[in-house]
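> Could you have a look at this structure, given as structure tokens, before my questions?
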Amino acid sequence: MRVISGLFLTSLFILNVTGVIDLKFTDQIEALSYDLRLRLSMKNELDDRVVIVDIDEKSLAAEGRWPWSRDRMSRLMDQLFDNYGIAVIGYDVVFAEKDDSSGLDVLERLGSNLLKNDEKFQNSLEQIRKKLDYDAIFGRSIKGRQVVLGYYFTDFAGSNIRTNGILPPPVFTAEEMEGADSYVVKMTGYGANLPDLQKMTPNAGHFTPLVDPDGVSRRIPLIIEYKGNYYESLSIAVVRTLLGSPPLIAGFPEMENDSDYRKLEWLEIADMKIPVDKRAAALVPYRGRQGSFRYVSATDVINGKVAKEILEGAIVLVGTTAPGLMDMRSTPVSAAYPGVEVHANMIAGILDQNVKQQPAYVTGAEIVILFVSGGLLSLLLPVLSPFRAIMLTLLLTVAVCLLNAYSWQQNMVLPLATSLTLIMSLFVLNMSYGFLLEARSKHQITGLFGQYVHPELVNEMSREPDRFTMQSRTLDMTVLFSDVCGFTAISEQLSAADLSAVMNEYLTAMTEVIQTYRGTIDKYIGDAIMAFWGAPLEDQKHMENAVLTAMQMQVRAAELRETFAAKGWPPLYLGIGVNTGTMNVGNMGSKFRMAYTVMGDAVNLGSRLESLTRQYGVGIIVGEETKKRLPDIAFRELDRVRVKGRNEPVIIYEPIGESGKLDSAVIEEQNLFAHLLSHYHAMEWEESLEHLSELIQLKPESALYQLYSSRIEHYRQEPPPGDWDGVFTHMTKG
């Protein structure tokens, strides 16, 4: 049992990796593992290629509160390019509002109102306008220089959506990315720069963060989608500007055999590739804690107090570490880390080509590691002594860690936490065998059968878990198929929301009925339901329970029609087929997906019987074998048929109630129909029509009687052969 438990646990972790199930705690542990590996491998060296011009407390004290006037920003720009000779500048701030600090707007209003006829004032205003239009001054300082403006995106809905300023040209259009199989971050609004500033340079990048569920910034979205177009990040824009603005290329893997597969896996600038994940985000290659790049105070730059060799030829990012300006983030290396230095790390990582990647085959590698380590421990730990079990566990742990460390050095992030968690879990499982084995067995039954049968039955099964298995067995069982008549036409009448609500309410009601009668849900197929009786729990009354279920489902459907009518929804009418026979039951499928289900000729016949309900105009059709075993339920014979795909004929029946509890009208109709069939099988067409006319008078709307009317009329014109056995052959499935 320990072997089985270990293999089950291994399978559980593998299913988690493949996404079939979601063990959220492994994601949390993996995030902590990644942060630890990152901190242990950081260079912790100063990178002087990128210099951060810091709007710090010192600068705010000297130059005034933020935002500064644009003429001051222009002086900062002129100093950086003219006096210090920087290579490129990127702004981790946005210039979204007009600068009115010069008072020019007041003078303009005076000039257009009180002093509009004062020639001297107007001349003076014209002379000083260029000196007081700070936005224009700043714009002129941008033009023709290696300047990358910054902006941000927002993700709000409804009336909260805001757009401000103007976006730069996108790096990719919707047409260029058409069919890309990715989950690129999509945004609904933005805060961008003034049009007069943005038009002075084509270069701009967003500094929108991407925060993991634990609140930590480990990645940067290198492109973001907004209204079908794609916009680059600040770090990408700075690198491209530094290199002379080469095009940004979207990297897709080579497509084989004319496949439609298109998944963005990297971005390319010149000859440099930046690996991205499915959201087009890249892991930030943090060099160290805050201060891995040189910081200079913005006020010192404005006043020329910084040594030229620090800034000459450098990539400059303008940002802030002042707490009041709210640009601090939680990162793997610090709980409060300047946002501008996050971008500096990404720029340096792109230039060094050391951005770590997580290609698609990493999942495959993780599955192999889990399979090998989990398989070895599951098979060997139960037969090893405690000492040898400890040594094997340590050996595997060291091997997994060494492999992971090697992959990390090759800039590939191979998941670690899941493998180590599995190894430790298997070790603990085997060391505490007595307690865990019983609990695991019960949990296994719940996991295997909880989705198929009623919770009460699962509890009953968990008391003797060894009796139950998902291995294939051949049993005498009963299967039920139900379907909504004319569902396609019904779905066309409903909105998507109403259709979902109708199906949820319908399937819930039908499932409750099935599970009340101890049935096992096999599957939902759109509006259709497949269920069976006799497994995993033995059921000596599986035929009776299945037929009672079918009858109760019709009762519940009638109740639902009243409820649906009150909501303005169309009525649902069910066709149900029930059949009993030898079936193969167990966990079946492929290596990609397994399901606990039934197969066999008796199952196929059950499906055919459900399809025939539409032709005979009845709600339930039961197979011959089922009817034979239920003396307490009254049936009426409907026909002798040979269904498509089956040579042997079968008599089909409709359940009409419990024996001995039928009212006189039902009994009279049943007798008339039995006489009709007797004459019909004897090819006595006139006598058949006499009984049929009486039945049609009782129920003129009956599709069953109309069917026999047409069939008898046909046989009167073209009689069947003399040795006719009364069997009607259906050439279609329903």
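The values are calculated or read from the model by the stated rules, or taken from the named source; none is laboratory data. Values in this document were obtained by computation on a predicted structure and should not be read as measured data. Every residue, glycine among them, receives a Cβ derived from its backbone with ideal geometry; neighbour counts consider all protein chains shown.
> Say we look at region 522-558 and pick out the residues that are among the small types (G, A, S) and surrounded by fewer than 19 Cβ atoms within 10 Å (Cβ to Cβ); which of these is modelled with the lowest pLDDT?
Here the answer is G526.
> Considering only residues that are out of contact with any Gly (no Cβ under 9 Å at 6 or more places or on another chain) and either closer than 21 Å to G617 by Cα or modelled with pLDDT under 90 (or both), which ones fall in region 680-689?
Residues satisfying the conditions are S688, L689.
> Output the qualifying pairs, or none if there are none: Cβ atoms under 6 angstrom, residues six or more apart or on different chains, first residue in region 534-548 and closer than 12 Å to G519 by Cβ, second residue surrounded by 20 or more Cβ atoms within 10 Å (Cβ to Cβ) and of a type in the set (G, A, S).
Cβ pairs passing all conditions: H542/G534.
> Still on this structure: When region 536-593 is examined, which residues are found to be more than 30 Å from Y653 (Cβ to Cβ) and in contact with a helix residue (DSSP H, G or I) (Cβ under 6 Å, 6 or more places away or on another chain)?
Answer for region 536-593, where residues must be more than 30 Å from Y653 (Cβ to Cβ) and in contact with a helix residue (DSSP H, G or I) (Cβ under 6 Å, 6 or more places away or on another chain): just W569.
> Aromatic (F, W, Y), in contact (Cβ under 8 Å) with a residue 24 or more places away in the chain and touching a helix residue (DSSP H, G or I) at 6+ places or on another chain (Cβ under 8 Å): is that true of Y705 in this structure? Before the answer, list the steps.
Details: aromatic (F, W, Y): yes; in contact (Cβ under 8 Å) with a residue 24 or more places away in the chain: no; touching a helix residue (DSSP H, G or I) at 6+ places or on another chain (Cβ under 8 Å): yes.
Against the criterion (aromatic (F, W, Y), in contact (Cβ under 8 Å) with a residue 24 or more places away in the chain and touching a helix residue (DSSP H, G or I) at 6+ places or on another chain (Cβ under 8 Å)), Y705 does not qualify.
> Scan the strands (runs of 3 or more DSSP E) fully inside region 262-336 and keep the ones with 1 or more residues being within 33 Å of the chain's Cα centre (by Cα). If you could, list the steps in order and put the result at the bottom.
Details: elements: 266-269, 272-275, 281-283, 293-297, 315-319, 328-331.
Strands (runs of 3 or more DSSP E) meeting the threshold: 266-269, 272-275, 281-283, 328-331.
> Scan region 683-698 for residues that are among the hydrophobic types (A, V, I, L, M, F, W, C) and in a helix (DSSP H, G or I) and jot them down.
Within region 683-698, W685, L689, L692, L695, I696, L698 meet the criteria.
> Which of (1) part of a helix (DSSP H, G or I); (2) among the basic types (K, R); (3) closer than 23 Å to V603 by Cβ does R556 not meet, given it meets every other one?
For R556, the failing item is (3).
> Right, R388: of a type in the set (D, E, K, R) and farther than 30 Å from D92 by Cβ or not?
Considered against the rule, which asks whether it is of a type in the set (D, E, K, R) and farther than 30 Å from D92 by Cβ, R388 comes out as yes.
> Same structure, new question: Do we find a residue being under 45 Å from the mean Cα position of the chain (by Cα) and over 20 Å from A531 (Cα atoms) anywhere in region 595-606?
There is no residue in region 595-606 that is under 45 Å from the mean Cα position of the chain (by Cα) and over 20 Å from A531 (Cα atoms).
> Within region 339-348, is there a residue that is surrounded by fewer than 16 Cβ atoms within 10 Å (Cβ to Cβ) and of a type in the set (D, E)?
no
> Hey, another quick one. Which residue, of L351, L376, is farther than 30 Å from I220 by Cβ and either in the same structural domain as K263 (by TED's automatic domain parsing) or outside any loop (DSSP other than H, G, I, E, B) (or both)?
Just one listed residue meets the conditions, L376.
> Please determine whether any residue of region 213-235 is more than 30 Å from the chain's Cα centre (by Cα) and either under 25 Å from N44 (Cβ atoms) or surrounded by fewer than 23 Cβ atoms within 10 Å (Cβ to Cβ) (or both).
The answer is no; no qualifying residue exists.
> Also: With the condition kept exactly as written, say whether any residue in region 260-270 is surrounded by fewer than 17 Cβ atoms within 10 Å (Cβ to Cβ) and modelled with pLDDT of 90 or more.
yes
> Regarding M272, is this residue without any contact (Cβ under 8 Å) to a residue 12 or more places away in the chain and under 27 Å from N44 (Cα atoms)?
no
> While we're here: Starting from region 383-403, keep only residues that are under 19 Å from E30 (Cβ atoms), then list their pairs with residues that are among the acidic types (D, E) and surrounded by 11 or more Cβ atoms within 10 Å (Cβ to Cβ) whose Cβ atoms are within a distance under 7 Å, requiring at least 6 positions of separation or different chains.
So the pair list comes out empty.
Here's the yes/no breakdown for (1) at pLDDT 90 or above; (2) among the hydroxyl-bearing types (S, T, Y); (3) surrounded by 14 or more Cβ atoms within 10 Å (Cβ to Cβ); (4) on the phi > 0 side of the Ramachandran plot:
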position: I310; (1), (2), (3), (4): yes, no, no, no
position: V318; (1), (2), (3), (4): yes, no, yes, no
position: L325; (1), (2), (3), (4): no, no, yes, no
position: L395; (1), (2), (3), (4): yes, no, no, no
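> Looking at L32, L76, L80, which is the one that is part of a helix (DSSP H, G or I) and surrounded by fewer than 19 Cβ atoms within 10 Å (Cβ to Cβ)?
Result of the check over L32, L76, L80: L32.
> Going residue by residue through region 281-290, is there one that turns out to be hydroxyl-bearing (S, T, Y) and either at pLDDT 90 or above or outside the structural domain of A344 (by TED's automatic domain parsing) (or both)?
Step one: filter region 281-290 for residues hydroxyl-bearing (S, T, Y), giving 286.
With the extra rule that they be either at pLDDT 90 or above or outside the structural domain of A344 (by TED's automatic domain parsing) (or both), the set shrinks to 286.
Looking through region 281-290, at least one residue is hydroxyl-bearing (S, T, Y) and either at pLDDT 90 or above or outside the structural domain of A344 (by TED's automatic domain parsing) (or both).
> I've got another one for you. Could you go through region 35-42 and let me know if any residue there is among the polar types (S, T, N, Q) and closer than 30 Å to V296 by Cα. First the steps, then the outcome.
Here is the first cut: in region 35-42, the ones among the polar types (S, T, N, Q) are 41.
Right, trim to closer than 30 Å to V296 by Cα and you get 41.
Yes, region 35-42 contains a residue that is among the polar types (S, T, N, Q) and closer than 30 Å to V296 by Cα.
> Determine which member of the set L499, L507, L494, L572 is at pLDDT below 95, in contact with a Pro (Cβ under 8 Å, 6 or more places away or on another chain) and aliphatic (A, V, I, L, M).
Result: L494 is the single residue among L499, L507, L494, L572 that is at pLDDT below 95, in contact with a Pro (Cβ under 8 Å, 6 or more places away or on another chain) and aliphatic (A, V, I, L, M).
> Only residues that are assigned to a loop (DSSP other than H, G, I, E, B) and within 15 Å of Y295 (Cβ to Cβ): list them for region 35-72, please.
Of everything in region 35-72, those that are assigned to a loop (DSSP other than H, G, I, E, B) and within 15 Å of Y295 (Cβ to Cβ) turn out to be L46, I55, D56.
> Could I ask something else about it? Looking at V93 and the list (1) outside any loop (DSSP other than H, G, I, E, B); (2) modelled with pLDDT of 90 or more, which single condition is not satisfied?
(1)
> Among residues belonging to region 379-418 that are outside any helix (DSSP H, G or I) and out of contact with any helix residue (DSSP H, G or I) (no Cβ under 8 Å at 6 or more places or on another chain), point out the one that is farthest from R219 (Cα to Cα).
Our first condition is that a residue be outside any helix (DSSP H, G or I); within region 379-418, this holds for 384-385, 410-416.
Adding the requirement that they be out of contact with any helix residue (DSSP H, G or I) (no Cβ under 8 Å at 6 or more places or on another chain) leaves 385, 410-411.
On the way: S385: 45, Q410: 19, N411: 15 Å.
Per the criteria, the residue is S385.
> Give me the pairs, please: first residue somewhere in region 58-84 and within 18 Å of L317 (Cβ to Cβ) and at pLDDT 90 or above, second residue anywhere and surrounded by fewer than 15 Cβ atoms within 10 Å (Cβ to Cβ) and aliphatic (A, V, I, L, M), beta-carbon distance under 9 Å, and either six or more positions apart or on two chains.
What qualifies is Y84/I310.
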